[in-house]
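*Asks:* For reference, the structure I am asking about is given below.
The values are calculated or read from the model by the stated rules, or taken from the named source; none is laboratory data. This structure is a prediction, so every number in the text was calculated from the model and none was measured. A quick note on method: Cβ atoms are made from the backbone with ideal geometry, for glycine too, and the neighbour counts reach across all protein chains shown. All accessible areas refer to the heavy atoms of the entire protein, side chains included, with ligands and DNA or RNA removed. Shrake-Rupley method; radii C 1.70, N 1.55, O 1.52, S 1.80 Å.
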Amino acid sequence: MNFFRGVMGGQAAGPQPSGAETIQKLCDRVASSTLLEDRRDAVRALKSLSKKYRMEVGTQAMDHLINILQTDRSDSEILGYALDTLYNIICNDEEEEQDETAQKQADDLGAQFTDQFIQDPEHVTLLLTLLEEFDFHVRWPGVKLLTALLKNQGVQVQGIILVSPMGVSRLMDLLADSREVIRNDGLLLLQQLTKSNAAIQKIVAFENAFERLLDIITEEGSSDGGIVVEDCLLLLLNLLKNNSSNQNFFKEGSYIQRMKPWFEVGDDNSGWSAQKVTNLHLMLQLVRVMVSPVNSPGATASCQKSMYQCGLLQQLCTILMATGVPADILTETINTVSEVIRGSQVNQDYFASVNAPSNPPRPAIVVLLMSMVNERQPFVLRCAVLYCFQCFLYKNQKGQGEIVATLLPSTIDANSISAGQLLCGGLFSADSLSNWCAAVALAHALQDNLTQKEQLLRVQLATSLGKPPVSLLQQCTNILSQGSKVQTRVGLLMLLCTWISNCPIAVTHFLHNQENVPFLTAQISENLGEDERLVQGLCALLLGICIYYNDNSLENYTKEKLKQLIEKRIGKENFVEKLGFITKHELYSRAAQKPQPVFPSPEQMLFDHEFTKLVKELEGVITKAVHKSSEEEKKEEEVKKTLEQHDNIVTQYKELIREQDAQIQELKEQVASMTSQNEQMQNTLTQQLSQIQQHKDQYNILKLKLGKENQSQSNSQGDISQVNGLQTEELTQLREEVEELRKQHTLLQTQLGDKDALINTLRSETAEGSAAGSDNTELLKELEALRSQVQSQSAEINQMKTERQELLRRAEAGSSDAFSSNDGSSDAAKIAEVESRLAAQTTETEKLKEEAKSLSESRVELEQQLASATSTVAILQTEKAKLQTEVQESKKEQDDLLMLLADQDQKIHSLKQRLKDLGETVDDEDDLDARDQTDDDYEEDEDED
C-alpha cells in the first residue's frame, strides 16, 4: 500500500517514475494481485490516469481491464472502474481548447482502441451482458462505453449486436430504467444503434419503442420539454425515416393520433425558448417523414387520411394562421402542411376552406400568396409558400379551376383580393423573384388540365388607361420582348411552355401574334453570353412545342413552314444543340431531384420540379419532329388514321365481347339456379329413398318377429301336428289367404266408395252440363272391370272354401288314425293335452268359417250395390241423350282444356328429360303408381300386425 500512497499521495524522496512506468506497474499489480482490494485500487488508479495518459493506458491496460470484466463479475465497484477507464480511452469527447489537428489525432486514437476492443466480438457480447446488472456503477458506464463504441465504429458494432441473442432487447430495457440519467443515456445509445440500419430499426420498433418514446415525450411536457424530448424525437426520426415497414407499423398502431397534442399552441406565442423551437421543429419533421413524396403513394395517402381524421391537419393549419409564431417554425409548418395535403383531395378541399382570423376573414391561400409576392418576406418563407401552393394544386383539378376562375372577368370582385389578382400582380411586378414565383404558381394551375389552359386564354388585362385590354398570353410575350432579368424571362418561358403544351388552341393563339415567331428565332440564332444560353434553350423549347402541337390551322405557320424557318434562320443542328442545353444546366439537375423548391439563394431559383418532367418528356419528340420530312409526317398521319380505325374495330369487338360476357353471365345464373333446383330435388329424392328404406327395414323386422312367433308356435305344437298330420305351413298359408281376401274386400269397398263419389260428381256435372259423355263411358268401363273383379274374387273364395274343407277332412282322418295306433302306449295326461289342442284348432277353424261366411255375405251386398250402380248408369244414359246438345256446346271448352293438358304433359316431359340430362333417375307414372300401391299394401300389413 505504500506504493499507492507514493503514486496517489504526497511526494516521495528520490526520482519520480514516469507515467508509462507507473501505468506499467499498475497493470502488473492488476494482473498479479490475488486480493480483490489490491486489484480494485490499481484499477482506480488507472482510471485517474486514463484521461491524461490515454495512449499509455489504452496500449498497456486494455487487455487487463477486459480480463477484469470477465473474472471479477461479483464486485460491482471494480467493474465500474474498469468500464470508466475503457470509456475514457475510447471516447472522443471534443475539448474546446483543442485545435483541429489535436481533435483529429484524438479521433484516430479512439477509432484505434475501438478496433482493438471489438476485434473479438465476445467483448461486445460481454458488455451487453453487463448491462443487465442493475447496479448504477456498472450499468451507467456500460451504456456510455457502448455508445462510444457505436460512435467510433458504428457499422461493425451494429453487426455484432444484431447477431447477439437478445442484444437489442437488453438495450431497450434501458428506457424502462427508473434512473433518468441511465434512461437518457440509453436514448443516446439507441440513437447511435439505429443509424442507417433498417434491420435494427425494425427490431427496436417491434420491441414497443414507439409506445415508450411517446410516453416519455408526454411525461417530459411534449414541445415544452427539455433535451430529453429532443433525444426521443431524434430516435423516432431514425426509426421512421426511409423505413416503410416502421412507418406502416407506426400508422397501424394509431400513433399518428398521439402526435396531435404536440401542436396545441396557445394564443400567447411570445417568448418561445430555443429548446421549444428545436422540439417543435423535430416534431414537424416527424410528420413530414410520414407523408414524404418519396414514400410509396399508398402509404402516404393512408397517413394523410389518418392525419385529417384525427385533427392533426386542422391543428397544423391553426399554427399556420396564428400570430407570434417564430419564422423558422412558421416556414417548417407551411412545408409540413404542404406535404400533408399533396395529392389528397379531401385534405386539399379542407385547406381551401381555411380562413385567416382577419377582418374580414380571408382564405389562407390568399394570405400565403400575399407573403409569396411580398419581397420583404424572408426567402425561405416565400419558397415554402410556393411549395404549399404547388402541393395544393397537385392532381387537384377542382382547385386549379377555382384559381383560374378568379382571373376570369365574370368572377372578379373589386372589393376583395383574390388569388388570381395576386398572381397577376406578382407576374408583372418589378421584383424578379416575385415574377418567377407567380409564373411557376400559375403554371401549376394549368398542369395536365386542358380545360383550364383554354379558359386562361379568355383572361384580359388592362395595361393602361385609354388603351384596349390585351390577353394574358400577349402580355407575357410583351414582357419577354422587353428584355427583363433572366429570372423573370425564365419564369415566363416556363409558364408559356406549360400553357401551350398539349393544347393546339393555345398554340394557335400564340402563333396568331405575328411578332412571337420572329422574336423566338432571333433569340435562338444570336450568339449571346453564358447566362443567356438558358433563355435560348427555353425559347427553342417553346418554338418546338409550337411545331409539335400545331394543328396547321394558320396558313403562315404550319408545321412544315415553321421547320423550314428553323432550317433557314437557325439550322436544325444548332436548334437541337440549344434545346439540349436546358437539361445540361446544373440547376436543372438539382430541381429534378425532389418537388420541394430548395435553393441556397434567390438568384439560383430558375427551374421548377414539374417543369423538368415536361422538358424530359418533350425534348426527344421535338427533336424528332424538327428532323422529320413532310413525307414522313404524312406517313405518320396515315399510320395514326389506321391505328384509329384499328382502335374503332377493337372497340366494337370489345363491346361485342361485353355483350357476350353479359349473356354468358345470365346463362351461368340460369345454370346455377337449375343446379340448385336439381340439388333440392336430389335431396328430396334422397329423403324419400331413406324413408322407403326405413319402411323396408321395419317390414323386415316385423317379418322376422312373425317368423319367430310362428317357429315357437310350431315347436310347441309339434306333437299335435304329428298326431293329426296337419302341417303348420298349410295353416299359415290358410291364414294368409284369408287375410288376402279381407284386404281385397276392403279394396273393393274403397273402390265402390270411389265409384259412388264419381257418380255423384257426374250427377253434379250433368246438372251443370260439362263433359258428361266421356265420363259416362269411362264409368261403364270401370263398372265392367269391377264386375269381373268381383266374380274372380267370388271364385277365389269358393276355391278357398273347398281347400279348407279338404284340410278339415284330412285333419279329422289324421286324428282318428293317431288314436287307433297309439291307444295302448299313450297315457291319460297326454290324451287330454292333445284333445285340448285339437279343440283349440277346431275353434279356430270355426272362426275361419264364420269369416268366410261374412265375406260371402259382403260379396252379396257388393253385388247388390253393383246392380244399383248399373241401374244408376242406365238412368244416366237416358239423361245423356237429353244433354247431347249441351255437351256439343261445352266441347270447345274441353278442347281448350285438352290443349292445356297437352302443354302441361309436354312441360312435364321436358322437365323429366332435363332431370335425366342432369344425371337424375326419373320414374314413369306407371312405376310410381306401382310403387305407391306397394307402399299402401305394406302400410296395411304393418297396421294389421
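*Asks:* Residues in region 301-317: is at least one under 25 Å from G426 (Cβ atoms) and touching a Pro at 6+ places or on another chain (Cβ under 7 Å)? Talk me through it step by step, then tell me what you get.
*Replies:* Of region 301-317, the ones under 25 Å from G426 (Cβ atoms) are 317.
So of that shortlist, the ones also touching a Pro at 6+ places or on another chain (Cβ under 7 Å) come out as none.
Within region 301-317, none of the residues are under 25 Å from G426 (Cβ atoms) and touching a Pro at 6+ places or on another chain (Cβ under 7 Å).
Per-residue answers, yes or no, for (1) outside any helix (DSSP H, G or I); (2) out of contact with any Lys or Arg (no Cβ under 9 Å at 6 or more places or on another chain):
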site: K276; (1), (2): no, yes
site: H281; (1), (2): no, yes
site: R288; (1), (2): no, yes
site: N295; (1), (2): yes, yes
site: S302; (1), (2): no, no
site: L313; (1), (2): no, yes
site: T323; (1), (2): yes, yes
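*Asks:* Open to solvent by less than 60 Å² (accessible area, probe 1.4 Å), in contact with a Gly (Cβ under 6 Å, 6 or more places away or on another chain), of a type in the set (A, V, I, L, M) and at pLDDT 90 or above: which single residue out of I500, I582, I547 fits that description?
*Replies:* Working: I500 fails: in contact with a Gly (Cβ under 6 Å, 6 or more places away or on another chain); I547 fails: in contact with a Gly (Cβ under 6 Å, 6 or more places away or on another chain).
Matching residue, one of I500, I582, I547: I582.
*Asks:* Follow-up question, since we're still on this one. Taking region 130-147 as the region of interest, how many residues are buried (at least 17 other Cβ atoms within 10 Å of the Cβ) and either charged (D, E, K, R) or free of Cβ contacts under 8 Å to residues at least 40 places away in the same chain (or both)?
*Replies:* Matching residues across region 130-147 total 2.
*Asks:* Before we move on, is K641 open to solvent by less than 90 Å² (accessible area, probe 1.4 Å) and either closer than 30 Å to L562 by Cβ or at pLDDT below 80 (or both)? Break it down into steps so the answer makes sense when it comes.
*Replies:* Working: open to solvent by less than 90 Å² (accessible area, probe 1.4 Å): no; either closer than 30 Å to L562 by Cβ or at pLDDT below 80 (or both): yes.
For K641, the condition - open to solvent by less than 90 Å² (accessible area, probe 1.4 Å) and either closer than 30 Å to L562 by Cβ or at pLDDT below 80 (or both) - is not met.
*Asks:* Could you tell me whether region 506-523 includes any residue that is on the phi < 0 side of the Ramachandran plot, crowded, with 19+ Cβ neighbours inside 10 Å and of a type in the set (F, W, Y)?
*Replies:* yes
One line per residue, one yes/no per condition, for (1) under 26 Å from A522 (Cβ atoms); (2) part of a helix (DSSP H, G or I); (3) more than 52 Å from the chain's Cα centre (by Cα):
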residue	(1), (2), (3)
E454	no, yes, no
T463	yes, no, yes
G483	yes, no, yes
T488	yes, yes, no
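*Asks:* While we're looking at this one, here's another question. Restricted to region 425-438, and to residues that are open to solvent by 20 Å² or more (accessible area, probe 1.4 Å) and of a type outside the set (S, T, Y), which residue is farthest from N355 (Cα to Cα)?
*Replies:* Applying the filter and picking the extreme gives A430.
*Asks:* Right, next: Does N552 count as open to solvent by 40 Å² or more (accessible area, probe 1.4 Å) and on the phi > 0 side of the Ramachandran plot?
*Replies:* Numbers: open to solvent by 40 Å² or more (accessible area, probe 1.4 Å): yes; on the phi > 0 side of the Ramachandran plot: yes.
Spelling it out, N552 is indeed open to solvent by 40 Å² or more (accessible area, probe 1.4 Å) and on the phi > 0 side of the Ramachandran plot.
*Asks:* Taking region 325-344 as the search range and keeping residues that are touching a Lys or Arg at 6+ places or on another chain (Cβ under 8 Å) and assigned to a loop (DSSP other than H, G, I, E, B), which one is surrounded by the most Cβ atoms within 10 Å (Cβ to Cβ)? Give the steps one after another, and end with the answer.
*Replies:* Filtering region 325-344 down to residues touching a Lys or Arg at 6+ places or on another chain (Cβ under 8 Å) leaves 335-336, 339, 343-344.
Cutting the leftovers down to assigned to a loop (DSSP other than H, G, I, E, B) gives us 343-344.
Values: G343: 17, S344: 25.
This residue is S344.
*Asks:* Among the numbered criteria (1) without any contact (Cβ under 8 Å) to a residue 60 or more places away in the chain; (2) in a loop (DSSP other than H, G, I, E, B), which one does Q400 miss?
*Replies:* (2)
*Asks:* Continuing with this model, one more query. Among the residues of region 710-730, is there at least one that is open to solvent by less than 90 Å² (accessible area, probe 1.4 Å), at pLDDT 75 or above and closer than 30 Å to T802 by Cα?
*Replies:* So far as region 710-730 goes, no, none of its residues is open to solvent by less than 90 Å² (accessible area, probe 1.4 Å), at pLDDT 75 or above and closer than 30 Å to T802 by Cα.
*Asks:* Give the residue, chosen from L171, L150, L235, that is crowded, with 19+ Cβ neighbours inside 10 Å and within 32 Å of the chain's Cα centre (by Cα).
*Replies:* Values: L171 fails: within 32 Å of the chain's Cα centre (by Cα); L150 fails: within 32 Å of the chain's Cα centre (by Cα).
Result of the check over L171, L150, L235: L235.
*Asks:* I would also like to ask the following. For Y394, which of the numbered conditions (1) open to solvent by 30 Å² or more (accessible area, probe 1.4 Å); (2) among the hydroxyl-bearing types (S, T, Y); (3) more than 43 Å from the chain's Cα centre (by Cα) fails to hold?
*Replies:* Result: Y394 passes all but (3).
*Asks:* Can you report the number of residues in region 210-224 which are open to solvent by less than 20 Å² (accessible area, probe 1.4 Å) and either without any contact (Cβ under 8 Å) to a residue 60 or more places away in the chain or among the β-branched types (V, I, T) (or both)?
*Replies:* 5
Per-residue answers, yes or no, for (1) surrounded by 15 or more Cβ atoms within 10 Å (Cβ to Cβ); (2) polar (S, T, N, Q); (3) at pLDDT below 95:
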| residue | (1), (2), (3) |
| --- | --- |
| R183 | yes, no, yes |
| S196 | no, yes, yes |
| N208 | no, yes, yes |
| I227 | no, no, yes |
| K241 | yes, no, yes |
| S244 | no, yes, yes |
| G253 | yes, no, yes |
| P261 | no, no, yes |
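*Asks:* Provide a single number: the residues in region 879-916 that are closer than 30 Å to Q682 by Cβ, open to solvent by 80 Å² or more (accessible area, probe 1.4 Å) and either at pLDDT below 70 or among the aliphatic types (A, V, I, L, M) (or both).
*Replies:* Count: 3.
*Asks:* On to the next question. Of everything in region 110-129, what is buried (at least 18 other Cβ atoms within 10 Å of the Cβ) and of a type in the set (G, A, S)? Give them in sequence order.
*Replies:* G110
*Asks:* Given the conditions (1) closer than 16 Å to L393 by Cα; (2) at pLDDT 95 or above; (3) open to solvent by less than 30 Å² (accessible area, probe 1.4 Å), and given that Y350 satisfies all but one, which numbered condition is not satisfied?
*Replies:* Checking Y350 against (1) closer than 16 Å to L393 by Cα; (2) at pLDDT 95 or above; (3) open to solvent by less than 30 Å² (accessible area, probe 1.4 Å), the one that fails is (3).
*Asks:* Next up: Please report, ordered by residue number, the helices (runs of 4 or more DSSP H) entirely within region 1-103 with at least 1 residues that are modelled with pLDDT of 85 or more and open to solvent by less than 90 Å² (accessible area, probe 1.4 Å). Walk me through how you get there before you give the answer.
*Replies:* Numbers: elements: 2-8, 19-32, 36-49, 54-71, 76-90.
Once the helices (runs of 4 or more DSSP H) in region 1-103 are filtered for at least 1 residues that are modelled with pLDDT of 85 or more and open to solvent by less than 90 Å² (accessible area, probe 1.4 Å), what remains is 19-32, 36-49, 54-71, 76-90.
*Asks:* Moving on to the next point. Restricting attention to region 848-878, which residues are open to solvent by 70 Å² or more (accessible area, probe 1.4 Å) and either acidic (D, E) or modelled with pLDDT of 70 or more (or both)? Step through it out loud before you land on a result.
*Replies:* Within region 848-878, the first condition is being open to solvent by 70 Å² or more (accessible area, probe 1.4 Å), and the residues that meet it are 849-850, 853, 857, 861, 863-865, 875, 877-878.
The answer is E850, K853, E857, E861, E863, Q864, Q865, I875, Q877, T878.
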